[in-house]
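Report on the following structure.
The values are calculated or read from the model by the stated rules, or taken from the named source; none is laboratory data. These numbers come from a predicted model, not from an experiment. Every residue, glycine among them, receives a Cβ derived from its backbone with ideal geometry; neighbour counts consider all protein chains shown. These accessible areas exclude ligands, DNA and RNA; they are computed on the full protein's heavy atoms, side chains included. Shrake-Rupley method; radii C 1.70, N 1.55, O 1.52, S 1.80 Å.
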Amino acid sequence: MKLIACALALGIFGVQPLYAGETVDVDVGGGMVVKLAKDRPLKIAFFSEGTNNSAMTASIEGAKEAAAKQGWAIDVFDGSFDAVKQSNQIANALNRDYDAFIVKPLEGNTMCEPASVTAPQRNILVVNAVLPICGRSGKEGEAQWSPGTLAYVGGTQTPDAFLEVLHKVRELAPGPQKVGILTGNDLNPITLNFEAALQRFLAETPDWSVVAKARTDWSTPVAFEKAQPIVSAHPEITLYFSHYSNMTRGIVQALEAAGKLGNVKVFDAGGTAWAKQAVKAGTIDFTTALYLRSNAAASIEAIAAAQRGEPVPRVIQNEGKPITKGALVQFIDSSNVDAYQPEAD
């Protein structure tokens, strides 16, 4: 019996050792409480969906900077757009000595049980960032939070937000349109949210026709590779759109290579430094603000607030930035582009 007790104390059987110092009880909903260490620096695991585009690198940098300000250690796990790999990463991390996770899931349902059930059972606090879990990727507002987690941080890439963007495109490009679209990868919650918004938009806009659509890994090189054959095969396209600036950049490169840049309209959501310059140059009509560095910082601060015993909102909207006049989306165009400060390259 003594041997078993020692093994449990050391975590050999996957049970996180009890912390003997001062703790604070953190209510994570669903009748669950995490006892968070209150009198020492925390150790954080940050699960990123990948590292191959500027949004993800900005998010990682934001998390590292915010953790350093708290004096905390942070380990970053690159999911490489592989849901199985990310599941294995979080399964392994559950058996290590982390105090808290920040989870940006590749597939929300896969991450539901480990992030919202097993983690709090192991006394690990979880913040769910950007991509909701537990079937909540298509939800809005408070419904984006999953019980068992401290908070959800995000809200700018929901179906309602993307529908707002598409309405703005229609306002600036009225009338019938033949459309080419690039999206993120299959099963990604952001891709699913955009697709849900697109279906709603097309149902109310019958004079739009999507003649070509391609999935990407969100990177510019792959977007360029996918856009080239679309540009070549579909001269009838009058309008291109993507829901992240790295993909839009690939579209612009393909149009430029074909000598068609300026002959069709290009619209973007994503707000990178490239997008800001493209708006200033007139290459795209607008972009949308996206603050993923702030999202990561807000996720760290939510954990810090919990450690201080302070109340934490279940849903932290607009990536942790102040809400803009109640709107889901902040549009960046020629009228305000100079004041916009991008958080990703």
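Points to keep in mind about this one:
- Answer from Glu171, Glu225, Glu140, Glu236 - the residue that is over 22 Å from Leu261 (Cα atoms) and acidic (Asp, Glu): Glu140
- Some residue of the stretch 20-30 being open to solvent by 50 Å² or more (accessible area, probe 1.4 Å), farther than 27 Å from Asn193 by Cβ, more than 23 Å from the chain's Cα centre (by Cα) and aliphatic (A, V, I, L, M): yes
- Scanning the stretch 14-57 for residues that are of a type in the set (A, V, I, L, M, F, W, C) and at pLDDT below 95 turns up Val15, Leu18, Ala20, Ala55, Met56.
- Filter result for the condition that a residue is in a loop (DSSP other than H, G, I, E, B) and among the hydroxyl-bearing types (Ser, Thr, Tyr), over Ser146, Ser209: Ser146
- Here the condition is being open to solvent by less than 10 Å² (accessible area, probe 1.4 Å) and not in a helix (DSSP H, G or I); of Leu182, Leu187, Leu198, it holds for Leu182 alone.
- When restricted to residues that are open to solvent by 10 Å² or more (accessible area, probe 1.4 Å), closer than 23 Å to Gly31 by Cα and under 12 Å from the mean Cα position of the chain (by Cα), the stretch 90-136 contains 0.
- Residues (without any contact (Cβ under 8 Å) to a residue 60 or more places away in the chain and not in a loop (DSSP other than H, G, I, E, B)) located in the stretch 246-259: Arg249, Val252, Gln253, Ala254, Leu255, Glu256, Ala257
- Hits in the stretch 188-242 (condition: among the β-branched types (Val, Ile, Thr) and either touching a strand residue (DSSP E or B) at 6+ places or on another chain (Cβ under 8 Å) or under 14 Å from Val165 (Cβ atoms) (or both)): Ile190, Thr191, Thr205, Val210, Val211, Thr216, Ile230, Val231, Ile237, Thr238
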